[in-house]
Amino acid sequence: MQKQFSLIVLLVVLLSACQKEYTPKPRGYFRIEFPEKTYHRLGQNLPYSFEVADYSIPRSASDYTYTSDSGWLTISTPANKADLHLSYAPLNNDLQKHLEESRRLAYDHSIKADAIEERLFINREQHVYGTIYYIEGNAASPIQFFLTDSTEHFLRGALYIREIPNIDSIRPVIDFLEPDVIRLIETTHWN
């Protein structure tokens, strides 16, 4: 009798547990609102000039304590926790040294990167030549580049997102900021 009662209780529990299905919810991320893209020419007294997005804040190296080199600049996008660090060097027959250093700094991310794609940039009219490095995967810097006229100027840039590099969560920010970096590169000219 006790066996039959236990069996009936077990069947009731099993049948009542099957009435409602549970589906685990996927992990989600916050929706990111992006502003409209408008640009203006950077009007600082620098050896180069280019267009930046209106929602970005340019800060010179003198705003920091780590360096005071002229021509160094950080363009911050606070809403997206992103910084584009620009370093400038006048060339003194040392172009090869700067090229190798830029390549090394980009490929230092290969430890975490899934792939690194290089694209050449040529603007003969403004004498601006360079390479853009697209670093795929969970790397700290998804886009890096250098620009030069091969004789007097060398400009290097690296985009950093101030978050843990989880590509699934920061991909929308990278996709939003990439056209800004490309616009900066395409509108660069030497002063």
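The values are calculated or read from the model by the stated rules, or taken from the named source; none is laboratory data. Because the structure is a prediction, the values reported are computed rather than measured. In this analysis, Cβ positions are derived from the backbone assuming ideal geometry, glycine residues included, and neighbour counts consider all displayed protein chains. With ligands, DNA and RNA removed, areas are computed over all heavy atoms of the protein, side chains included. Shrake-Rupley method; radii C 1.70, N 1.55, O 1.52, S 1.80 Å.
Within region 129-139, the set of residues being open to solvent by less than 50 Å² (accessible area, probe 1.4 Å) and either more than 19 Å from F50 (Cβ to Cβ) or among the small types (G, A, S) (or both) comprises G130, Y134, I135, G137, A139.
Can you tell me which residue in region 172-191 is nearest to R103 (Cα to Cα), limited to those that are assigned to a loop (DSSP other than H, G, I, E, B) and open to solvent by less than 60 Å² (accessible area, probe 1.4 Å)? Talk me through it step by step, then tell me what you get.
Residues of region 172-191 assigned to a loop (DSSP other than H, G, I, E, B): 187-188, 191.
Restricting the remaining residues to those that are open to solvent by less than 60 Å² (accessible area, probe 1.4 Å) gives 187-188.
Working: T187: 22, T188: 20 Å.
Taking the candidates together, the pick is T188.
Return yes or no: is R31 modelled with pLDDT under 95 and basic (K, R)?
On the way: modelled with pLDDT under 95: yes; basic (K, R): yes.
In short, yes.
Scanning region 103-126 for residues that are part of a helix (DSSP H, G or I), hydrophobic (A, V, I, L, M, F, W, C) and over 15 Å from G157 (Cα atoms) yields a count of 1.
Select from region 95-128 the residues that are of a type in the set (V, I, T) and open to solvent by 30 Å² or more (accessible area, probe 1.4 Å) and write down the one among them that is modelled with the lowest pLDDT.
Pass one, region 95-128, residues of a type in the set (V, I, T): 111, 116, 122, 128.
Of the ones still in play, those that are also open to solvent by 30 Å² or more (accessible area, probe 1.4 Å) are 111, 116, 122.
On the way: I111: 87, I116: 94, I122: 96.
Here the answer is I111.
Evaluate the following for D168: is it under 24 Å from D54 (Cα atoms), open to solvent by 40 Å² or more (accessible area, probe 1.4 Å) and charged (D, E, K, R)? Before the answer, list the steps.
Details: under 24 Å from D54 (Cα atoms): no; open to solvent by 40 Å² or more (accessible area, probe 1.4 Å): yes; charged (D, E, K, R): yes.
Against the criterion (under 24 Å from D54 (Cα atoms), open to solvent by 40 Å² or more (accessible area, probe 1.4 Å) and charged (D, E, K, R)), D168 does not qualify.
Residues of region 136-171 being in a strand (DSSP E or B), within 9 Å of the chain's Cα centre (by Cα) and either among the polar types (S, T, N, Q) or more than 23 Å from P78 (Cβ to Cβ) (or both), which ones?
Q144
Within region 107-117, is there a residue that is free of Cβ contacts under 8 Å to residues at least 24 places away in the same chain and closer than 19 Å to I185 by Cα? Looking for residues that are free of Cβ contacts under 8 Å to residues at least 24 places away in the same chain and closer than 19 Å to I185 by Cα, one finds at least one in region 107-117, hence yes. Of the residues making up region 78-94, those that are surrounded by fewer than 16 Cβ atoms within 10 Å (Cβ to Cβ) and either over 17 Å from G157 (Cβ atoms) or small (G, A, S) (or both) are P78, A79, K81, N92, N93, D94.
Return yes or no: is E186 over 10 Å from the mean Cα position of the chain (by Cα), at pLDDT 95 or above, under 30 Å from E33 (Cβ atoms) and not aliphatic (A, V, I, L, M)? Criteria met by E186.
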